[in-house]
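Read the structure below first, then the notes.
Bear in mind that the values in this text are calculations on the coordinates, not laboratory data. These numbers come from a predicted model, not from an experiment. Please note: Cβ atoms are built from the backbone with ideal geometry, for glycine as well, and neighbour counts cover all protein chains shown.
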Amino acid sequence: MEQYDESVLEKYINHPKCIAVGECGLDYYRLPDDEEEKKQNIAKQKEVFISQIEFAKKVKKPLIVHIREASDDSRQILIDNNAKEVGGVLHCYNASEHLLPLADHNFYFGIGGVITFKNAKKLVEVLPKIPKDKLLLETDGPYLTPQPFRGKRNEPAYTNYVADKISDLLEITKEEVEKITTTNTLTLFKQFSTII
Ligand SMILES: [Zn+2]
């Protein structure tokens, strides 16, 4: 595993266009097979995640959080370390209901192209449970391109199709989806920003 060096973050964080800290988070999808190495890997991920939460609080920027197959640990770490102070985005929200309590901790749920996929049953089911004032649109470009362009390179413009799908599923107009998600984006990133 590469050495984590916070001075690299320090170098970029003061750039006026830097509005968040991340991606950081926990990913248990690809862990070593060896039990001892697995344990060490998880411990290291947690240690770095916690230090990045502390860093975000110090520099007063929201977090962009990546969570894969690690919902319970991620939720616990975010709550225990009072990440609420800066909040952030659960990027490519993975539809885990275990993350829903983070809505009360200043965290927003990034919905991307996956919601348009035929096999997105879980996300379709969970979507209405996300408080509307915590919904965001995201691209994750160049990946996870929404239908009808699935498989092609993803572009920010395609969030249009994500908005269409959310409008269908929540039975609200597309204009409402746009208004809600734009307001939420500004609320989150404006809280400490001087450029937005
Ligand atoms: Zn990610």
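Structure notes:
Residues are listed down the side, and each one gets a yes or a no for (1) aromatic (Phe, Trp, Tyr); (2) crowded, with 17+ Cβ neighbours inside 10 Å:
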site: SER51; (1), (2): no, no
site: PRO62; (1), (2): no, yes
site: HIS66; (1), (2): no, yes
site: TYR93; (1), (2): yes, yes
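- Test for GLN191: is it over 24 Å from CYS18 (Cα atoms), of a type in the set (S, T, N, Q) and in contact (Cβ under 8 Å) with a residue 24 or more places away in the chain: no
- Residue identified as in contact (Cβ under 8 Å) with a residue 12 or more places away in the chain, away from the ligand (no atom under 16 Å from the Cβ), buried (at least 20 other Cβ atoms within 10 Å of the Cβ) and under 24 Å from ASP72 (Cα atoms) among LYS165, LYS129, LYS122, LYS134: LYS134
- Among the candidates ILE19, ILE79, the residue that is among the β-branched types (Val, Ile, Thr), surrounded by fewer than 16 Cβ atoms within 10 Å (Cβ to Cβ) and in contact with a helix residue (DSSP H, G or I) (Cβ under 9 Å, 6 or more places away or on another chain) is uniquely ILE79.
- Index of the failed condition, ALA43 passing every other in (1) more than 20 Å from PHE189 (Cα to Cα); (2) hydrophobic (A, V, I, L, M, F, W, C); (3) crowded, with 16+ Cβ neighbours inside 10 Å: (3)
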